[in-house]
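Written below as structure tokens is the structure these notes are about.
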Amino acid sequence: MSQYTDKINRIAKDFAEIEHYEGTTSLLAQTGCVIITYRHGGYLITAGEQGGEYNGYELGPKEELYVESNDEYYLKLKSQYSAVGPTLNERLAKVWKRIFNVKRFDLFK
């Protein structure tokens, strides 16, 4: 039984590490863009109404660009656990749709 507890603890630690890496470190706004920088080294650039430019990337109006991380440990963890399958929310939504026989989801109509 201990082997399963150790494995679950290791997986929980890895998920906590991934969550830590996906936290933000800074928010920057310049030259028509808002840039959110993450702990793993990647960042998200969002252009404003007229577009913008940041770090050599030209963006059109209201365009977003996600620049991937370059941290090897984070990428290893992410690839290790990304093939796990659907998330809990996705599985619950599938069950909910099956129970209530939902074909389309027209919430606002």
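The values are calculated or read from the model by the stated rules, or taken from the named source; none is laboratory data. What you see is a predicted model, and the numbers here were worked out from it, not measured in a lab. Glycine also receives a Cβ, built like all others from the backbone with ideal geometry; neighbour counts cover every protein chain displayed.
Have a look at THR31, THR87, THR5 and point out the one that is β-branched (Val, Ile, Thr), at positive phi and modelled with pLDDT under 90. Write out each step before concluding.
On the way: THR87 fails: at positive phi; THR5 fails: at positive phi.
Going through THR31, THR87, THR5 in turn, the sole match is THR31.
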Q) Got a number for residues in region 20-71 being in contact (Cβ under 8 Å) with a residue 24 or more places away in the chain and not small (Gly, Ala, Ser)? A) 13
Q) Just checking, which of TYR73, TYR81, TYR43 is surrounded by 14 or more Cβ atoms within 10 Å (Cβ to Cβ) and among the aromatic types (Phe, Trp, Tyr)? A) TYR43
Q | Test set (1) in a strand (DSSP E or B); (2) surrounded by 12 or more Cβ atoms within 10 Å (Cβ to Cβ) - SER26 fails condition number | A | (2)
